[in-house]
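The structure appears right after this line, and notes come after that.
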Amino acid sequence: MCQLLAMNCNVPTDIVFSFTGFAHRGGRTDTHHDGWGIAFFEGAGVRHFVDHQAAVASPIAELIKRYPIKSLNVVAHIRKATQGQVALENCHPFVREMWGRYWVFAHNGDLKEFDPVLDGPFRPVGNTDSERAFCFLLQQLRERFGNQHPGLPALRAAIADLLAVIARHGTFNMMLSDGTAMFAHCSTKLCYIVRRYPFTAASLADEDLSVDFSQVTTPDDRVAIIVTTPLTTNEQWTEFAPGELKVFVDGLPQT
């Protein structure tokens with residue numbers, strides 16, 4: 001299975017600390033060496049980096065660990081291939097435009113006999129079940145709501161319905177964001193933490209590195225980190241329930 005990482009904040013924040021530990025799972029502390037990728041929302045734009053090399057050997061991953069790109073929403077993925085060859089076009093996250101916004105998607109799992117009819121503008125470039133699921137999801141949302149964003153409550157309900165349909169075909173842990181909210185769905189394994197005042201120090205599980213967040217934040221900051229397995233050893237992470245969809249806005253899960 002692949003590894004997922006996402007961040008949702010109320011102020012632009014860098015993901016250097018979390019990504020440093022996460023990247024080690026791409027071939028050093030775990031066996032996920034079939035490519036990786038990360039996407040940062042910045043205003044209406046997206047910085048999108050993917051590489052078919054293992055994250056621990058990728059010069060692009062080294063750039064991300066050293067360059068503090070600040071964003072409100074970030075999606076990252078480390079791939080262990082189950083469907084589709086190891087190639088750049090099969091690296092997550094995938095990016096598409098809909099309703100005048102970029103959408104970013106990453107998936108951890110394996111979908112069996114999932115071959116929906118895709119007859120609209122959203123078509124896969126690679127040959128993964130993940131990209132097919134993303135295109136199907138956007139196609140169905142476009143069919144339901146036409147050319148206008150429906151607002152978060154209606155969108156959340158529709159996404160929940162569609163994720164249930166896709167998940168019938170197998171394991172479907174996923175991250176999805178339009179730059180304003182982060183949708184995270186758990187099929188088998190996902191957890192999150194919200195860092196906020198009073199901030200404390202955190203130590204990575206995959207690297208000998210600690211950060212005292214009280215020295216680099218303000219009392220108003222909120223940062224939600226969602227990941228496949230906990231990144232730190234001294235923080236309390238909350239597990240998702242199987243089948244659960246959570247939506248994060250401004251660094252907090254919405255009820």
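No lab work stands behind these numbers, since they all come straight from the coordinates. Remember, it's a predicted structure, so these values are computed and weren't measured experimentally. Cβ placement follows ideal geometry from the backbone for every residue including glycine, while neighbour counts extend to all protein chains displayed.
At a threshold of 8 angstrom on Cα-Cα distance, excluding pairs fewer than six apart, so keeping six or more, what relative contact order does the chain reach in percent?
Relative CO of the chain lands at 23 percent.
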Problem set entry | Positive-pole candidate from ASN147, SER210, VAL247, dipole of region 135-248, charges at beta carbon | ASN147
Exercise. Roughly speaking, what is the stretch gain from ALA154 to ARG66, that is 0.36 nm per residue apart minus the C-alpha to C-alpha distance, in nm to one decimal?
Worked result: 27.8 nm
Exercise. Taking each full run of DSSP H in the chain as one helix, which ones are at least 15 Å long along their axis (Cα atoms) and have mean Kyte-Doolittle hydropathy of at least 0.0?
Worked result: 152-167
Seminar exercise, completed: About its Cα centre, the chain carries a charge dipole, from +1 on Lys and Arg Cβ atoms and -1 on Asp and Glu Cβ atoms, whose size in debye to the nearest 20 is 260
Exercise. Is the shape of region 141-228 best called rounded, prolate or oblate, per the rule: a/c under 1.5 gives rounded, else a/b larger than b/c gives prolate, else oblate, with a ≥ b ≥ c the square roots of the Cα gyration tensor eigenvalues?
Worked result: oblate
Exercise. Within the set LYS189/LYS246; LYS65/LYS246; LYS70/LYS189, which residue pairs have Cα atoms separated by over 25 Å?
Worked result: LYS65/LYS246; LYS70/LYS189
